[in-house]
Amino acid sequence: MLIASLIFSIGIIAVISLQKTFFAIAGSANARTIATTLAQNKIDQLRVLDFANIDEGVDEKNVVGAHSFGRDWSFTSGYYNNGIYTPCGNDLCDLDADGVSDADQKAIEVIVTWTNADSTVESVTLDHVINVNPDAASGVLAGGYTAGGGGEKPVPSITTP
């Protein structure tokens, strides 16, 4: 009876220690889900802005449950040239030297960071490209157009009889 009690006690202690690990993992997964949602929300906010008004920034801390999340975002202007994305120096992209930016893309990077209960700092990064003409970058266009694979301007599908 004493040996059975000892084995039972060791099993209960093992289950309790595993349960602590499971709760920590679940908390980390929950924080990662919230961070991903915060990053996606920022991308969605930037997508509805006028292209020229998309800027870099940092949010104050977003406190959700037991975690405090920091969110910052940046962009790199660029353009597509024969299907190749070319980032611009200094976000100017003045290809024809007329003093006006020719950038038609902004590659957005959103980073959300937080500290777990065990004091480890984690982060989630989401990348997204926003086109000056949202219809040109969509995957499905009305009227028989298809967006090029990399977000370049759409090419009409022409069928000859």
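The values are calculated or read from the model by the stated rules, or taken from the named source; none is laboratory data. Keep in mind that what you see is a predicted model, and the values were worked out from it rather than measured. Don't worry about glycine lacking a Cβ; one is built from the backbone with ideal geometry, like all the others, and counts go over all protein chains shown.
Scanning the stretch 67-94 for residues that are at pLDDT 75 or above, surrounded by fewer than 16 Cβ atoms within 10 Å (Cβ to Cβ) and either of a type in the set (D, E, K, R) or not in a strand (DSSP E or B) (or both) yields a total of 1.
Can you name the residue in the stretch 44-61 that is of a type in the set (Asp, Glu) and in contact with a strand residue (DSSP E or B) (Cβ under 9 Å, 6 or more places away or on another chain) and, of all such residues, is nearest to Val112 (Cα to Cα)?
Just the residues of the stretch 44-61 that are of a type in the set (Asp, Glu), to begin with: 44, 50, 55-56, 59-60.
Those still in the list that are in contact with a strand residue (DSSP E or B) (Cβ under 9 Å, 6 or more places away or on another chain) too: 55-56, 59-60.
Details: Asp55: 17, Glu56: 14, Asp59: 10, Glu60: 11 Å.
Filtering the stretch 44-61 for residues that are of a type in the set (Asp, Glu) and in contact with a strand residue (DSSP E or B) (Cβ under 9 Å, 6 or more places away or on another chain), the one nearest to Val112 (Cα to Cα) comes out as Asp59.
A Cβ distance below 6 Å, combined with a sequence gap of six or more or placement on separate chains, defines the contacts here; from the stretch 17-34, residues that are within 16 Å of Val121 (Cα to Cα) reach residues that are modelled with pLDDT of 75 or more and surrounded by 13 or more Cβ atoms within 10 Å (Cβ to Cβ) in the pairs Ser28/Asn116; Ala31/His67; Ala31/Trp114. Looking across the stretch 98-129, the residues that are loosely packed, with under 14 Cβ neighbours inside 10 Å and free of Cβ contacts under 8 Å to residues at least 24 places away in the same chain come down to Asp98, Gly99, Val100, Ser119, Thr120, Val121, Asp127.
Residues of the stretch 16-52 that are under 24 Å from Val132 (Cα atoms), surrounded by 11 or more Cβ atoms within 10 Å (Cβ to Cβ) and not β-branched (Val, Ile, Thr): Leu38, Ala39, Gln40, Asn41, Lys42, Gln45, Leu46, Arg47, Leu49, Phe51. Return yes or no: is Ala97 assigned to a loop (DSSP other than H, G, I, E, B), touching a helix residue (DSSP H, G or I) at 6+ places or on another chain (Cβ under 7 Å) and aliphatic (A, V, I, L, M)? Criteria not met by Ala97.
If you go through the stretch 102-161 and keep only what is modelled with pLDDT of 50 or more and at positive phi, you end up with just Ser119.
Applying the criterion of being over 16 Å from the mean Cα position of the chain (by Cα) and not in a loop (DSSP other than H, G, I, E, B) to the residues of the stretch 37-52, the residue that is nearest to Val124 (Cα to Cα) is Phe51.
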